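Student: Got a structure here, written out as C-alpha cells. Questions coming.
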Amino acid sequence: QVQVVESGGGLAQPGGSLTLSCTASGSMFSTYHMGWYRQAPGKQRELAAAITAGGRTNYVDFVKGRFTISRDNANNVVYLQMNSLKPEDTAVYYCRATIDLMNFWGKGTLVTVSS
C-alpha cells in the first residue's frame, strides 16, 4: 500500500502564488506516474496536471502557463507551483500516484483564493 500525503494548501489572494507538495511512500517512487487533481465545491474531481515517471508533463487548459508540476525522485516528492491564482482555482487539491495501473490517492489539501 502506497501512502500519499499532500501539504501546502491555504489562503491566497487573487494573483498570488502557492506551492503544493505531495509525498508518496515506497522505494520505487521514480517509477510512479503522478498527478494533481482538484475538486471545487459542487463539482467533479478533475485533472489539473500530471507528470510521468520519465518526467513528461501534461497540463489541462485552465492551468497552462500558470501552474508547474515537477518531481524530486530523491525525496519522493512531487510539487505543484501555482501562480496567478484566480478565485475559480479554489478547490481541494488531491495528489494521485499511479503504479502498475493502480491508483493511490491522498486526502487532499484545501486551496482558497480570495481577497
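Student: Looking at 54, 15, which one is of a type outside the set (D, E, K, R), loosely packed, with under 13 Cβ neighbours inside 10 Å and in contact (Cβ under 8 Å) with a residue 60 or more places away in the chain?
Tutor: None of the others qualify; the one that does is 15.
Student: While we're on this one: Step by step: first the residues of region 30-44, then only those that are touching a Lys or Arg at 6+ places or on another chain (Cβ under 9 Å) and loosely packed, with under 15 Cβ neighbours inside 10 Å, then the one that is farthest from residue 101 (Cα to Cα). Which residue is that?
Tutor: 39
Student: I've got another one for you. When region 5-48 is examined, which residues are found to be under 21 Å from residue 74 (Cα atoms) and under 11 Å from the mean Cα position of the chain (by Cα)?
Tutor: Across region 5-48, the qualifying residues are 5, 6, 7, 8, 19, 20, 21, 22, 23, 34, 35, 36.
Rundown of residues vs (1) polar (S, T, N, Q); (2) in contact with a strand residue (DSSP E or B) (Cβ under 7 Å, 6 or more places away or on another chain); (3) open to solvent by less than 30 Å² (accessible area, probe 1.4 Å), yes/no style:
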| site | (1), (2), (3) |
| --- | --- |
| 68 | yes, yes, no |
| 75 | yes, no, no |
| 100 | no, no, no |
| 108 | no, yes, yes |
| 113 | no, yes, yes |
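Student: Would you mind telling me which numbered condition in (1) part of a strand (DSSP E or B); (2) in contact with a Phe, Trp or Tyr (Cβ under 9 Å, 6 or more places away or on another chain) residue 1 fails?
Tutor: Unmet for residue 1, out of (1) part of a strand (DSSP E or B); (2) in contact with a Phe, Trp or Tyr (Cβ under 9 Å, 6 or more places away or on another chain): (1).
Student: Answer with yes or no whether residue 87 is modelled with pLDDT under 95 and either touching a strand residue (DSSP E or B) at 6+ places or on another chain (Cβ under 8 Å) or on the phi < 0 side of the Ramachandran plot (or both).
Tutor: Considered against the rule, which asks whether it is modelled with pLDDT under 95 and either touching a strand residue (DSSP E or B) at 6+ places or on another chain (Cβ under 8 Å) or on the phi < 0 side of the Ramachandran plot (or both), residue 87 comes out as no.
Student: Just to be sure before I move on: is residue 11 touching a Gly at 6+ places or on another chain (Cβ under 8 Å) and in a strand (DSSP E or B) in the structure I sent?
Tutor: no
Student: While we're looking at this one, here's another question. Which residues, counting only those in region 78-96, are assigned to a strand (DSSP E or B) and crowded, with 17+ Cβ neighbours inside 10 Å?
Tutor: 78, 79, 80, 82, 91, 92, 93, 94, 95, 96
Student: Give region 97-114 a look and list any residue that's at pLDDT 95 or above and either outside any strand (DSSP E or B) or among the charged types (D, E, K, R) (or both), or say none.
Tutor: Those that are at pLDDT 95 or above and either outside any strand (DSSP E or B) or among the charged types (D, E, K, R) (or both): 106, 107, 108, 114.
The values are calculated or read from the model by the stated rules, or taken from the named source; none is laboratory data. Since the model is a prediction, treat every value here as computed from it, not as a measurement. So basically every Cβ, Gly included, is an ideal-geometry build from the backbone, and we count neighbours across all protein chains shown. What goes into the accessible areas is simple: the full protein's heavy atoms, side chains included, and nothing from ligands, DNA or RNA. Shrake-Rupley method; radii C 1.70, N 1.55, O 1.52, S 1.80 Å.
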